[in-house]
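In what follows, a single structure is set out as structure tokens and then discussed.
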């Protein structure tokens, strides 16, 4: 059987589906839509209708096709799924900004974290520069919203401790708005290691397609909340 080739999904990055029948590029044909963050960069995920837990993964770079991305826009899309007149209001069910132990307090605030990415990294970057890595975990079954979020948060905390990169975890419960989609948690992950002096080196695991397997493995081997 001939091997299928991944499509060129971006002018700045070729996304190759990792081994395994479940991983596929799900949005290669979608043009960037300012109202849909899932069109702002290539996404690897499970085919529609897959059973069990599903993991979506992508890396948002400064430029994708005809769109210029920003960390602030991505943070806003995930923290504010419902509109609010307060520009800093969070309308997601729950969120946790997790920063390394020696990072300064700006990395513990999602809005300040996004502002620093845009001000210190994106402003001088070329189009291929990664701004944020992105993962969505959608469970096949959950005990409760709190139980699910706590397990994701604990997993994310272990990733922060292991790699030194800040991570924002944001829980959405579409059913609260009458949407039949399952509850899920989004992770917005810094591709950059953070220390006392701010952004440092790059963590290669969160700059490309291999990051999906890092999340899959971390979720499979996560600490259970009991």
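The values are calculated or read from the model by the stated rules, or taken from the named source; none is laboratory data. Note that the structure is a prediction, hence the values are computed from the model and not measured. With ideal geometry, Cβ positions are generated from the backbone for all residues, glycine too; neighbour counts draw on all protein chains shown.
Selection of segment 95-115 for residues being in a helix (DSSP H, G or I) and within 19 Å of residue 156 (Cβ to Cβ) yields 105, 106, 107, 108, 110, 111, 112, 113, 114.
Yes or no, residue by residue, for (1) part of a helix (DSSP H, G or I); (2) modelled with pLDDT of 95 or more; (3) surrounded by fewer than 20 Cβ atoms within 10 Å (Cβ to Cβ):
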residue	(1), (2), (3)
120	yes, yes, yes
147	yes, yes, yes
157	yes, yes, yes
169	no, yes, no
181	no, no, yes
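Here's the yes/no breakdown for (1) more than 21 Å from residue 109 (Cβ to Cβ); (2) at pLDDT 95 or above; (3) touching a helix residue (DSSP H, G or I) at 6+ places or on another chain (Cβ under 6 Å):
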residue: 163; (1), (2), (3): no, yes, no
residue: 178; (1), (2), (3): yes, no, no
residue: 189; (1), (2), (3): no, yes, yes
residue: 202; (1), (2), (3): yes, yes, no
residue: 217; (1), (2), (3): yes, yes, no
residue: 223; (1), (2), (3): yes, no, yes
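Taken over segment 30-65, the residue count meeting the criterion of being surrounded by fewer than 14 Cβ atoms within 10 Å (Cβ to Cβ) and over 21 Å from residue 141 (Cα atoms) is 5.
Against the criterion of being at positive phi, touching a residue at least 24 places away in the same chain (Cβ under 8 Å) and either buried (at least 20 other Cβ atoms within 10 Å of the Cβ) or out of contact with any helix residue (DSSP H, G or I) (no Cβ under 7 Å at 6 or more places or on another chain) (or both), residue 208 does not qualify.
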